């Protein structure tokens, strides 16, 4: 059962992937927010900031893995 849940989550993530013209995959934070069950953006930004800190702590350049962008969301 646990492996089924992981497979379902992985399929959900893959189905929300976008790609550049060069074939680089990326995900929009607003999509990830919903996939991970966050109902409010302000709560999800805390998680994104923790991910950025973990990225930097592991010796990676944050801007190589996280791109700040604005997308208009319909209300």
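The values are calculated or read from the model by the stated rules, or taken from the named source; none is laboratory data. Keep in mind it's a predicted model, so treat the numbers as computed, not measured. When we count neighbours, we look across all protein chains shown, and the Cβ atoms used for this are built from the backbone with ideal geometry, even at glycine.
Collect the residues in the range 1-23 that are closer than 20 Å to residue 65 by Cβ and at pLDDT 90 or above, keeping them in residue-number order. Across the range 1-23, the qualifying residues are 14, 16, 17, 18, 19, 20, 21, 22, 23. Beta carbons closer than 7 Å, at least 6 apart along the sequence or on distinct chains, pair a first residue in the range 27-41 that is in contact (Cβ under 8 Å) with a residue 40 or more places away in the chain with a second that is exposed (fewer than 12 other Cβ atoms within 10 Å of the Cβ) and in a loop (DSSP other than H, G, I, E, B) for 28/71; 30/71; 30/73. Quick check on the range 24-45: of everything there that is surrounded by fewer than 10 Cβ atoms within 10 Å (Cβ to Cβ) and under 19 Å from residue 65 (Cα atoms), which residue is nearest to the chain's Cα centre (by Cα)? Only one residue fits best here, namely 25.
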